[in-house]
Amino acid sequence: MASGDDYLVRAAELLAKAERESDPEKRTEFENLGLAFLRLAEQARRNSRTDVTYEPPTPKLDEPQPKE
């Protein structure tokens, strides 16, 4: 998975490309992609501060237990 910095770099590239684009439709698409990558960078930043531990669900009493 890309780090937040990778997303920021890609966002900057796309937004710069949008500024150079003369076709209004393409410019809008590049801007939208750039903004999407900025959102991904923000989400990656938030995710990096979250500590998630996976705990499997407890088996139900009527479920057969796996053999080891």
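The numbers here are math on the coordinates, done by the rules we state, and not lab data. Predicted model only: the values in this text are computed from it and were never measured. For neighbour counting, all protein chains shown are included, and Cβ atoms are generated from backbone atoms with ideal geometry for every residue, glycine included.
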Reach of K26 by Cα under 18 Å, taken over lysines that are not fewer than 8 positions away in the same chain: K17
For R10, R39, R20, what ranking results if the residue with the fewest other Cβ atoms within 10 Å of its Cβ goes first? R20, R39, R10
Run the quick spin-label model on K67 and T53: label points 7 Å from Cα toward the beta carbon, then report their separation in nm to one decimal. 3.3
Please report Rg (one decimal) and Dmax (integer) in Å for the Cα set of the chain. 21.2, 66
For the charge dipole of the stretch 4-47, defined by +1 on Lys and Arg C-beta atoms and -1 on Asp and Glu C-beta atoms about the Cα centroid, which residue among A41, L15, T28 has the Cα displaced farthest towards the positive pole? A41
